[in-house]
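To keep things clear, I will list the structure first and then write my remarks on it.
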Amino acid sequence: MILSSASLLIIEDQPEICDLLELSLLNKVEKIYIAHSVTQACCLQSQFRFDIAIVDSCLPDGDPYPLVKELLTQQCKILLMSGNFELNKRLAQLPLPKIDKPFRLPTLIQSVEQAFQASTAEALKSAS
């Protein structure tokens, strides 16, 4: 699997979804970090470098768009996740892989793999 040496950042405010993501991807990536808010994610992002991030498009402490833009500049691959992408149109318009909640585990794993293989260049250009 191509993700085996990757570090993953999960940015999701619902602990049960974080647990599900972590358990589903534990054997597929080397390191998993979890943030329940934009603030926590920014703190982690300032300390560590991530290969891929799964980002909920709606977080309780603000819009994750600036953080996504910063992660893209660091060549971090992004998978956007939402129960309703209409709530954050700026993120929804970025040419990034997306997964709708609720999701099935095989779909999640496939989406993470696709996101890891996707180019960040077009998304970064769109975010600028």
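Values in this text are rule-based calculations from the coordinates and carry no lab data. Being a predicted model, the structure only gives us computed values, none of them experimental. Cβ: placed from backbone, ideal geometry, glycine included. Neighbour counts: every protein chain shown.
Fully extended, how many nm does the chain gain between residue 126 and residue 5 (0.36 nm per residue separation, minus their Cα-Cα distance)?
Extending this stretch completely gives an extra 40.7 nm.
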Option label - Rg and Dmax of the Cα atoms in Å computed here, alternatives [x] 13.0, 35; [y] 14.6, 51; [z] 15.0, 48: [x]
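Normalising by the residue count of the chain, find the relative contact order in percent from Cα pairs under 8 Å and 6+ residues apart.
With pairs under 8 Å counted, the relative contact order is 23 percent.
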Separation in nanometres of the label points that stand 7 Å from Cα toward Cβ, at residue 104 and residue 30: 3.3 nm
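With only Lys, Arg, Asp and Glu charged, each at its Cβ (+1 for the first two, -1 for the last two), find how big the charge dipole of the stretch 7-127 is about the Cα centre; round to the nearest 20 debye.
380 debye
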Helical contribution to [θ] at 222 nm, DSSP H n ≥ 4, -39,500 (n - 2.57), averaged over the chain, rounded to 500: -12000 deg cm²/dmol
Whether the stretch 79-125 is rounded, prolate or oblate, judged on the alpha carbon gyration tensor where a/c under 1.5 counts as rounded: oblate
